[in-house]
Each structure stands twice: as structure tokens, then as C-alpha cells.
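Just below is one structure, and these are the notes that go with it.
The values are calculated or read from the model by the stated rules, or taken from the named source; none is laboratory data. These numbers come from a predicted model, not from an experiment. Virtual Cβ from ideal backbone geometry, glycine too; neighbours counted across all protein chains shown.
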Amino acid sequence: MKRLIGLMLLTVALACAQEPEMFAWWDRPIARNLNLSPEQEQQIRAAVREYRDRLIEQRAAVQIAEGNLRDLMNEDQVNEPKTREAIDKVVAARGELMRLVSQMTLRLRVVLTPQQWQRVQRVRAARQPLQRRAAPVKPRRPAPRAVPVY
């Protein structure tokens, strides 16, 4: 019973974890306001092209892993070994997505001057409160009732 509760808590924690945030500043008006040189623009476009397909594929891998975990957790009889394996797959997929986002961010960061990077960070910080307020609220299902075991 303790294992099942621990597994459920871990699943809730995984479900609440957010996808690594990527602020696509290079594709917004802020990029025009950074006074990028033609060489910087070319390097940014090349980096985005380099990572785009891998990011799309990894986001899909995260969604598939999360869906599989959700399916296992919703079964009447939870198969603990399969569910633990599914949890590991979600963690691995999210970790890989975080690695790709971080690598692309680093690649873009080295293209920018410190002043340009600071401007991107200021705009990103100003956007975060707006994103949180605008995020749709997902309806929550009531928690299952505990069935006493006799």
C-alpha cells in the first residue's frame, strides 16, 4: 500500500512538472529590436534549423511517454513493474528534452552580446507572469475514494 501511495505521489509530481520553457525570441519582434548583425541572424537561423526537428521529435516522445504512463495509472489493477518502467521513460524523455533545449539556448547565447542577452532575458521575465495568467485551467477529476481492505 505504501508503494502504491508513493507511486501515485511520484506520478502526480511528474504530471505537475512543466516542460522546459523555451522562449522563441528569435521568431518575434524582439529579434528585430536586438540590432542583430547579418552574421548573428545567419547563425541564429542555422541553430534553430539544427535543433528544430530534434526538439519536435523529443516533445512528441515526452507526450507519448506521458500518455503511456497515464494509461497504466488508469488501469483498474496497476502493474507496478510496468508503471515504474513507464515512469523511467517519462523521466528520460523529459531529461533529453531539457538537454536539447539547454544546448540550443547555449548555442544561441554565444551568438549574442551580453547586452543582447540581457534584453532577451528582460523580455522573457516580463512574459512569464502573462503566460501563467493566460494558461488554461484544466478541470480536475475528483480523487478516487479509498476502499477499506478487510
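Observations, loosely collected:
- Taken over the stretch 39-67, residues that are over 16 Å from T113 (Cα atoms) and among the polar types (S, T, N, Q) amount to 2.
- Of the residues L36, L100, the single one that is touching a residue at least 40 places away in the same chain (Cβ under 8 Å), in a helix (DSSP H, G or I), of a type in the set (A, V, I, L, M) and closer than 30 Å to Q115 by Cβ is L100.
- Within the stretch 97-122, being surrounded by fewer than 16 Cβ atoms within 10 Å (Cβ to Cβ) and in contact with a Lys or Arg (Cβ under 9 Å, 6 or more places away or on another chain) holds for one residue alone: W117.
- Extreme residue, nearest to R32 (Cα to Cα), among residues of the stretch 68-96 that are of a type in the set (G, A, S) and surrounded by 14 or more Cβ atoms within 10 Å (Cβ to Cβ): A93
- The listed residue being part of a helix (DSSP H, G or I), farther than 29 Å from V120 by Cα and modelled with pLDDT of 95 or more, out of A65, A60: A65
- Checking every residue in the stretch 117-124 against the condition of being modelled with pLDDT under 95, under 17 Å from the mean Cα position of the chain (by Cα) and closer than 30 Å to I30 by Cβ gives at least one match.
- Among the residues listed as T83, T105, the single one being in a helix (DSSP H, G or I), out of contact with any Leu (no Cβ under 6 Å at 6 or more places or on another chain) and in contact (Cβ under 8 Å) with a residue 40 or more places away in the chain: T105
- Output for the stretch 70-108, where each listed residue is among the charged types (D, E, K, R) and under 16 Å from Q58 (Cα atoms): D88, K89, R94, E96, R99
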